[in-house]
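Here the structure is laid out as structure tokens; the discussion comes afterwards.
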Amino acid sequence: MENYIVSARKYRPETFDTVVGQSAITTTLKNAIKSGHLAQAFLFCGPRGVGKTTCARILAKTINCLNPTEDMEACGECESCVSFKNSNSYNIYELDAASNNSVDDIRSLVEQVRIPPQVGKYKIYIIDEVHMLSQAAFNAFLKTLEEPPAYAKFILATTEKHKIIPTILSRCQIFDFKRIKIEDIAGHLANIAAKEGVTAEPDALHIIAQKADGGLRDALSMFDQLVSFAGNHLTYDRIIDNLNVLDYDYYFKIVDAFLAGDVSTCLILFNQVMERGFDGQHFITGLGEHLRNLLVCKDPGTIELIEVGENIKEKYLKQSQTCTVPFIIKALDVNNQCDQNYKGSNNKRLCIEIALMKICSFQMQMNDVPAQPVSIPHPTPRTSNPVPAHPDGHATQAITPPQPLSTPVQNIEPLQSSTSNPQPSFRSSTPSLKNIGQPTEDEKKKSIIEEVAPVENKPLSKNTLEALILEFAKQIETTSPSTSSVLIASNPTIDERNLICLEVVNRIQESDIKDVRLDLLGFLKKRAENNLLQIEIKINEQRTKEVLYSPQDKYNKMKEENPHLSELRKALDLDLEL
């Protein structure tokens with residue numbers, strides 16, 4: 001039986017050009033080699049699996065290569081390159097600081113530095129996980145790192161740069177490795193799959209890349225695991241089953257239910273997610289990411305920010321066309337609040353269900369509900385089933401938005417008077433789940449009449465404005481006394497444009513009025529019967545100067561009005577109360 005080599009080792013990059021996702025760093029290193037501006041020590045830092053040790057080995061091999069290419073890559077054929085490939089090079093040393101972190105280990109390394117190289121120009125020391133060195137070992141390493149022989153080069157690698165003492169950092173050229181992009185990881189996996197004879201769906205490779213969280217080594221480990229599980233054909237369904245990833249289809253179906261205002265469908269879908277063993281926090285985080293992607297799709301310039309496969313991206317683009325920006329922003333706000341409150345909630349499931357019901361109600365309030373029916377997927381991903389029935393036996397249906405009024409307002413029949421014989425009504429007053437957020441018949445008629453009937457905006461005088469603001473201030477006096485006082489002293493004025501100006505003294509008072517601005521404006525529009533009113537808050541700098549903030553200011557003001565106050569203070573030997 002042949003010895004199996006994992007993909008992370010088998011396809012480890014051997015040249016700078018084959019390093020994935022770190023082009024800025026590899027270009028800098030190649031230019032430094034070409035110009036001969038090589039530092040005495042390098043520090044490669046970044047998350048796991050992004051290519052730190054790989055780049056360190058490539059750099060060590062390249063600077064010792066006897067016949068480098070014009071592009072500053074190792075030839076792979078000279079004596080130095082062959083010995084490095086066979087792991088018997090006497091000029092390149094790899095040290096694991098996690099298991100060699102004592103002072104004696106560093107002293108032994110310093111003694112080896114004194115011996116010049118046998119083949120090639122340099123002796124290179126690659127110290128991995130250098131943050132694991134002890135404090136004494138760091139101090140023993142300082143002098144050699146600062147003034148090494150001309151032929152000695154040190155390449156340090158770590159995932160925790162903050163644990164390295166500043167005196168070491170100041171002696172190194174620091175290269176910060178970034179997380180590898182999802183597109184780069186998916187493309188690299190596709191190349192490996194082609195070499196291994198594995199057929200893989202692009203969406204499946206994107207799921208692996210997303211799960212790897214920017215680490216290529218993690219992605220390759222998952223790839224090997226999935227090939228063992230699914231054979232030489234990787235599909236989206238088998239990937240999400242093995243990696244325990246929630247299917248995108250659930251989020252697309254839930255958003256469709258949001259747009260239809262269908263609370264029942266949302267709760268049933270969420271129940272299916274919970275029955276599959278997913279944590280509620282995982283669900284709400286994924287829903288927030290889904291809503292964010294829908295918002296990104298609204299602008300063609302930001303579509304590239306979505307890191308998913310092409311098929312999934314097409315679904316996002318299609319669904320984003322049915323969503324309005326205000327709806328998505330409101331839904332994101334509710335989702336974010338649910339995410340923050342989830343850990344502290346005693347009934348975590350109810351916390352998420354309330355958030356789902358709130359989002360369902362938004363679309364009904366905005367009167368922007370599409371008429372497409374919503375279907376619930378089967379627990380097995382990517383299979384469609386008919387809409388399940390409610391406990392009362394009625395199938396779930398999408399809510400149809402109210403049709404425009406086809407007859408004049410005057411043709412609407414008046415309500416029957418109480419003197420006539422009304423028919424008894426046996427309809428229950430308790431609404432069902434699917435009716436939550438829907439307006440009643442009376443509310444629909446009232447809204448239709450209000451939309452058709454013109455509104456007459458009455459003029460508002462300054463005296464009436466002052467009286468109304470005083471009335472509003474008294475209403476909020478118990479809940480917000482400071483804001484009430486600011487409104488009373490705001491000296492309100494109104495111009496011919498129906499613009500109300502309120503004066504304040506400082507930014508704090510301005511913030512207090514902004515907190516109740518919408519409530520105040522709604523109150524004034526209703527009481528004054530004028531929908532054109534607007535509110536402007538202005539800071540009066542002259543009034544700001546007149547405000548007395550400290551006891552010393554108050555004393556100086558009183559002394560100006562009564563000069564004898566100073567004599568009285570001296571006679572009684574009084575101090576200001578500070």
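The values are calculated or read from the model by the stated rules, or taken from the named source; none is laboratory data. Just so it is clear, the structure is predicted and the values come from calculations on it, not from any experiment. Reconstructed Cβ throughout: ideal geometry from the backbone, glycine too, with neighbour counts over all protein chains shown. Areas reflect the complete protein model, heavy atoms only, side chains present, ligands, DNA and RNA absent. Shrake-Rupley method; radii C 1.70, N 1.55, O 1.52, S 1.80 Å.
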Exercise for review: Convert each backbone phi in region 99-115 into a coupling constant with the Karplus relation 6.51 cos²θ - 1.76 cosθ + 1.60 (shift: θ = phi - 60°), then list the ³J(HN,Hα) values in order as whole Hz, x for Gly and Pro.
Suggested key: 10, 10, 10, 8, 5, 5, 5, 6, 4, 4, 5, 5, 5, 5, 5, 5, 8
Check your understanding: region 263-317: which trypsin sites (Lys or Arg not before Pro) are DSSP loop and have at most 16 other beta-carbon atoms within 10 angstrom?
Key -> ARG276, LYS298
**Study point:** Cleavage-rule hits (GluC sites (Glu not before Pro)) in region 1-88: DSSP loop, at most 14 neighbouring Cβ within 10 angstrom
**Key:** GLU2, GLU70, GLU77
Study note, to complete from the structure: Per the 1/(1 + (r/R0)^6) rule, R0 = 25 Å and r from the Cβ atoms of ARG9 and ASP241, FRET efficiency to 0.05 is 0.35
Study note, to complete from the structure: Taking a ≥ b ≥ c as the square roots of the Cα gyration tensor eigenvalues, with a/c under 1.5 meaning rounded and otherwise prolate when a/b beats b/c or oblate if not, region 161-261 comes out oblate
Check your understanding: If you find the alpha carbon centre of region 1-73 and of region 147-207, how far apart are they in angstrom?
Key -> 9
Exercise for review: Compute the FRET efficiency between ALA98 and ALA194 as 1/(1 + (r/R0)^6), taking r as their Cβ-Cβ distance and R0 = 35 Å, and round to the nearest 0.05.
Suggested key: 0.45
Practice item. Find the centroid of the Cα atoms in region 488-507 and in region 297-323, then give the distance between the two in whole Å. Key: 45
Review point. Between THR285 and SER23, what length in nm is gained on full extension when 0.36 nm per residue of separation is reduced by their alpha carbon distance?
Key: 91.2 nm
**Study point:** Which listed pairs, of LYS462/LYS514; LYS10/LYS211; LYS10/LYS161; LYS10/LYS85; LYS30/LYS85; LYS211/LYS348, have C-alpha distances above 23 Å, in listed order
**Key:** LYS10/LYS161; LYS211/LYS348
Review point. Which value, in Å² rounded to 10, gives the accessible area of ARG527 with a 1.4 Å probe and all protein chains present?
Key: 120
Exercise for review: Give the long-range amide H neighbours of ILE92: residues separated by 5 or more places, or on another chain, with amide H under 5 Å away, using H modelled in the peptide plane at 1.01 Å from N.
Suggested key: ILE124
**Study point:** Length added when fully stretched, LYS462-MET558, from 0.36 nm per residue minus Cα-Cα
**Key:** 31.2 nm
Check your understanding: Put +1 on the Cβ of every Lys and Arg and -1 on every Asp and Glu Cβ in region 33-124; which of ILE115, CYS78, ASN67 then has its Cα farthest towards the positive end of the dipole?
Key -> ILE115
Study note, to complete from the structure: About its Cα centre, region 1-138 carries a charge dipole, from +1 on Lys and Arg Cβ atoms and -1 on Asp and Glu Cβ atoms, whose size in debye to the nearest 20 is 160
**Study point:** Counted charge near THR285, where neighbours are those whose Cβ lies closer than 10 Å (Asp, Glu -1; Lys, Arg +1)
**Key:** -3
Review point. Taking all protein chains as present, what is the carbon and sulfur share of the accessible area of region 60-110, in % to the nearest whole number, probe 1.4 Å?
Key: 43
Revision key, fill the gap. Reported to the nearest 10 Å², LYS85 has, with a 1.4 Å probe, an accessible area equal to 150
Point to revise | Length released on extending from LYS570 to ASN341, taking residue separation times 0.36 nm less the Cα-Cα span | key: 76.4 nm
Revision key, fill the gap. Per-residue accessible area, 1.4 Å probe, largest first, puts ASP105, ASP333 in the order ASP333, ASP105
Check your understanding: Each label point is 7 Å from the Cα along the Cα-to-Cβ direction; what then is the distance between the points at HIS162 and ALA150, in nm?
Key -> 4.2
Point to revise | Accessible-area composition of region 185-284, carbon plus sulfur, in percent [1.4 Å probe] | key: 49
Exercise for review: Send over a whole-number figure in Å² for the accessible area per residue of region 84-237, probe 1.4 Å.
Suggested key: 49
Check your understanding: Which shape class, rounded, prolate or oblate, goes with region 1-113 when its Cα gyration tensor gives a ≥ b ≥ c as root eigenvalues, a/c under 1.5 marks rounded, and past that a/b bigger than b/c marks prolate?
Key -> rounded
Check your understanding: For the residue pair GLU496 and SER35, what label-to-label distance in nm results when each label sits 7 Å from Cα along the Cα-to-beta-carbon direction?
Key -> 6.8
Study note, to complete from the structure: Where a ≥ b ≥ c are root eigenvalues of the Cα gyration tensor, a/c under 1.5 meaning rounded, otherwise prolate if a/b exceeds b/c and oblate otherwise, region 226-359 counts as oblate
Study note, to complete from the structure: Taking R0 as 51 Å and r as the Cβ-Cβ distance between ASN531 and LYS318, the FRET efficiency 1/(1 + (r/R0)^6), rounded to the nearest 0.05, comes to 0.85
